[in-house]
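First comes the structure, then the notes that go with it.
The values are calculated or read from the model by the stated rules, or taken from the named source; none is laboratory data. Note that the coordinates shown come from a computational prediction; the quantities given were computed from them, not determined experimentally. Because the Cβ atoms are built from the backbone with ideal geometry, glycine has one as well, and the counts that use them run over all protein chains shown. The accessibility values were calculated without ligands, DNA or RNA, using every heavy atom of the protein model including side chains. Shrake-Rupley method; radii C 1.70, N 1.55, O 1.52, S 1.80 Å.
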Amino acid sequence: MPRSTKIRKFRYSRSIQTIVSIILVLSAVGYYYFRFIVNANMLEVVPGKVYRSGQPSEADLGKWADKYGFKTVINLRAKELKVIKKEELATEHLGMKLVPVYLSGSRLVSPEELSNLIEVLETAEIPVLIHCESGVDRAGFVSAVAALAIGHEGFDRAKQQAYVPPGPWKRQDFSNTRGDYIYDYAHVSDTLRLYENYCRQENVDKNDWQQFKKWAREMPASADLDAQYRPVFGYFPFLDSKKRFFPIYTLLKGAYVQFSIEILVVVLLIWYTKFCLKAAKHS
C-alpha cells in the first residue's frame with residue numbers, strides 16, 4: 001500500500017477518534033449537567049403524591065412548590081445542620097413543612113432509624129418531596145419504602161426505586177467477622193433484601209405494608225443481623241438471592257437508568273482506548 005494512502009487512512013482514523021471523543025465527553029457532561037444540576041435529579045415516585053430529588057436550591061423549591069404543590073419536604077441529611085437551617089427558612093417561606101431525617105447511604109438502616117422513617121412517611125402531609133444530597137442512595141431507599149407505604153405498590157416494583165451500587169466491593173464475606181462489621185460495608189438498599197429474606201423464611205406476603213411494619217418492629221439488633229445477611233447476598237450487585245442475573249429490562253427502570261448509562265459510557269471509553277492504541281501501533 002502506498003505511503004500516501006496509509007497516511008490518509010491514519011488521518012481518517014484520527015478524525016474518527018476525535019469525533020467519538022467529543023461525542024462521549026459531551027454526552028457524559030450533558031447528562032450529568034441536565035440530570036443533576038439543572039433538574040436536581042428530580043423523579044416521580046408516586047404520581048401526585050411522592051417525588052424524590054437531590055439537594056434542591058431555594059429556586060428549585062419555589063419552582064416545585066408551584067408545579068407540584070409540596071406540603072412536606074423530607075431531608076435525609078439531618079446531621080448537616082447548616083443545610084437544614086437554610087432549607088428550613090426556604091420551606092417555611094413557601095408554606096411547606098421540613099422534616100429532617102438522618103440516614104447513611106453506606107450501611108444498613110438501624111431498627112430505630114427505620115421505625116422513625118415509617119412514622120414520618122405515615123404522618124407526612126401529601127404531596128411530599130424526599131431528598132438527600134444527590135438523590136440516589138438514601139433517597140432511593142426511602143422512595144422504595146414510600147412507594148410501598150403511600151403508593152401501595154407491590155414490593156418488587158417499589159424496590160426498583162432503590163439504587164444498588166456497582167462493584168463487588170460492596171458485597172463482602174461476613175462469615176468470619178463480628179455482626180456489626182456489615183455496617184461498614186453494606187449499602188442502605190441492602191436493608192430491603194433483609195426484608196425479602198425475612199418474608200421468604202417466614203413464608204409471608206412481602207407486598208403487605210403492615211407486614212413490612214411488623215418486620216421493622218421485630219428487626220434484630222445490628223449484632224444479630226449477620227445471620228440474615230450472609231445467605232442473602234452474592235458478590236455482584238445485580239444477582240438476586242438465588243444467584244440469577246436480573247433481567248436487562250430491570251436496568252432500564254427507575255434509578256437503574258443512571259447506572260446503565262454509566263456502564264455504556266465506560267464500555268465506549270474502553271473501546272475508544274483500544275482503538276487509539278491499535279491506531280498508534282499501525283502508524
Being touching a helix residue (DSSP H, G or I) at 6+ places or on another chain (Cβ under 9 Å), among the charged types (D, E, K, R), on the phi < 0 side of the Ramachandran plot and at pLDDT below 70 narrows Arg52, Arg8, Arg14 down to just Arg14
What tally of residues in the stretch 107-148 results from selecting those that are in contact with a helix residue (DSSP H, G or I) (Cβ under 6 Å, 6 or more places away or on another chain) and either in a loop (DSSP other than H, G, I, E, B) or crowded, with 24+ Cβ neighbours inside 10 Å (or both)?
13
Selection within the stretch 52-76 - in contact (Cβ under 8 Å) with a residue 60 or more places away in the chain and either open to solvent by 20 Å² or more (accessible area, probe 1.4 Å) or more than 18 Å from Leu121 (Cβ to Cβ) (or both)
Gly54, Gln55, Pro56, Trp64, Tyr68
When the stretch 107-158 is examined, which residues are found to be among the hydroxyl-bearing types (Ser, Thr, Tyr) and closer than 15 Å to Gln211 by Cα?
Ser115
Take the conditions closer than 21 Å to His187 by Cα, assigned to a loop (DSSP other than H, G, I, E, B) and either open to solvent by 20 Å² or more (accessible area, probe 1.4 Å) or touching a helix residue (DSSP H, G or I) at 6+ places or on another chain (Cβ under 8 Å) (or both) and apply them to Ser104. Does it pass?
yes
For the stretch 205-236 the number of residues that are open to solvent by 50 Å² or more (accessible area, probe 1.4 Å) and either of a type in the set (D, E, K, R) or at pLDDT 85 or above (or both) is 10
